[in-house]
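Take a look at the structure below.
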Amino acid sequence: MNWQNLTALAVCVINVGMVAAAPPTSFIFSDNRIAGEDRPRTLSLLITSCQYGIRVLSDEGRSRDRITALKTALAEELGTALDGHTLNILSYQIYFNNAAVAANSAAGVVGGVAGALLTKDSTHAKCSHEKTPEGWFEAAETTNGNTPFVIQIRAQFDEVLVETRSVYSPSILLRLPPTAFASRAKVNFADAVAAPEVDAAINKANLDLIKKLRVRL
């Protein structure tokens, strides 16, 4: 075999090797939350409801939204380990579970025996988990007596359903102001005082989700 044939064979082998060594597929992230799921609102205004006083928070007025924060955390914590995987966010809800405090405020107005029956311990959820699918927490998940933020994330990681529920106790006492008299930023906890606490709650929730993803890599 002459040198021209050897050169052609070497080039062929190199080309075959180059085809076999294709670069890894990049990470695919998609946001498929239901439109309006994070519309700011109180789940129920009926004091006998288990959802009474639970507030849904939006990203309105915040310096960063929850999805941007999650993407940043994924890049920092997992980086290229996510290459070839897909993450589809189905739901990402932020709740301020003010149910017990709101019930106690109402109980104070009612007074007497009826008011005493409505009184709840602010370090516990108003009802059981079964009756409170949104924003529920238990006392052991809190770190102080302050009303907690509860963040629930539902996602598909490589077609496997992954769900997390994260509870964060703010370092300062926060109260939901009357919506008729407070600014939209204050009601949404996007003001200068409360916003850092919401950011901390989001950071904790993102890390809790990442822990579940890491074991699947």
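Observations on the structure shown:
- Out of V160, V167, V150, one residue alone is among the β-branched types (V, I, T) and touching a Pro at 6+ places or on another chain (Cβ under 9 Å). It is V167.
- Test: residue in segment 158-174 that is among the aromatic types (F, W, Y), open to solvent by less than 60 Å² (accessible area, probe 1.4 Å) and over 10 Å from the mean Cα position of the chain (by Cα): yes
- Residue that is modelled with the lowest pLDDT [pool: residues in segment 90-104 that are more than 29 Å from V162 (Cα to Cα) and open to solvent by 10 Å² or more (accessible area, probe 1.4 Å)]: N104
- Residues in segment 43-69 that are in a strand (DSSP E or B) and either open to solvent by 40 Å² or more (accessible area, probe 1.4 Å) or touching a Cys at 6+ places or on another chain (Cβ under 7 Å) (or both): there are none.
- Selection count where residues are open to solvent by less than 60 Å² (accessible area, probe 1.4 Å) and under 20 Å from R214 (Cα atoms), scope segment 146-155: 4
- Residues that are open to solvent by 50 Å² or more (accessible area, probe 1.4 Å), modelled with pLDDT of 50 or more and of a type in the set (A, V, I, L, M), drawn from segment 105-145: A140
- For first residues located in segment 198-211 and among the polar types (S, T, N, Q), partners that are at pLDDT 95 or above and open to solvent by 10 Å² or more (accessible area, probe 1.4 Å) and lie 6+ apart or on another chain with Cβ distances below 8 Å form the pairs N203/A73; N206/A73.
The values are calculated or read from the model by the stated rules, or taken from the named source; none is laboratory data. Note that the coordinates shown come from a computational prediction; the quantities given were computed from them, not determined experimentally. For neighbour counting, all protein chains shown are included, and Cβ atoms are generated from backbone atoms with ideal geometry for every residue, glycine included. With ligands, DNA and RNA removed, areas are computed over all heavy atoms of the protein, side chains included. Shrake-Rupley method; radii C 1.70, N 1.55, O 1.52, S 1.80 Å.
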